Amino acid sequence: MKTNYAKITIIAFILAVAVSGAIWIFMKTSEDDWGGEKARYEVLVSVRDEMSPDPEEDRRSSMKKGYVIGVYDEGQKWSDTERISFLILKMELTQEQKEKLTRPIEKESEREKSAEEKEREGEEDMKEMETISIREYKIDLEKIGFEDPNSLLKGQPFEREVFGWEVVEKTE
């Protein structure tokens with residue numbers, strides 16, 4: 001009798017651990033990038049390429065098609081100029097994804113900060129960062145079916161749709 005009780009207790013414990021583990025894995029993998037809770041945002045997207053004659057400066061500071069200008073809380077009040085000049089998308093994103101959309105590509109600068117700069121900024125061994133490209137990620141406009149920037153004159157094409165990270169790609 002004692003043996004059956006011990007077996008049942010061990011089996012119940014193993015099942016409880018397995019179910020708890022399965023629930024934990026499901027909760028973690030159901031959120032993109034293990035990035036936490038999602039919220040809905042409105043994303044302002046460039047639909048035209050800005051150009052600079054200097055190729056390095058162009059890569060470092062020019063907005064290109066699909067680059068995110070900013071990510072705003074849902075319900076943002078947009079000006080008429082913004083509505084006809086940029087694509088506005090509703091997106092469900094984690095906090096980490098939101099931050100990635102406006103993050104530049106940077107590397108440590110070859111230039112060391114001067115003693116005066118270090119003193120002024122309160123830093124001792126911090127290297128200066130240099131922007132390589134204005135954005136690390138962009139919206140894949142082809143994937144969402146957006147082609148003609150002039151179509152914005154007729155209104156925003158995706159007002160009723162909500163996109164996720166699946167429409168985002170790394171820049172080149």
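Which strands (runs of 3 or more DSSP E) does region 17-128 wholly contain that include 3 or more residues that are within 20 Å of Ser151 (Cβ to Cβ) and modelled with pLDDT of 95 or more?
Details: elements: 38-45, 68-73, 87-94, 105-108.
Of the strands (runs of 3 or more DSSP E) lying wholly inside region 17-128, those with at least 3 residues that are within 20 Å of Ser151 (Cβ to Cβ) and modelled with pLDDT of 95 or more span 38-45, 87-94.
Testing Arg48 on (1) surrounded by 12 or more Cβ atoms within 10 Å (Cβ to Cβ); (2) in contact (Cβ under 8 Å) with a residue 40 or more places away in the chain, one condition comes back false. Which one is that?
(1)
The values are calculated or read from the model by the stated rules, or taken from the named source; none is laboratory data. This one's a predicted model, so the numbers in the text were calculated from it and none came from an experiment. Quick reminder, even Gly has a Cβ in these numbers, built from the backbone with ideal geometry, and neighbours come from all protein chains shown.
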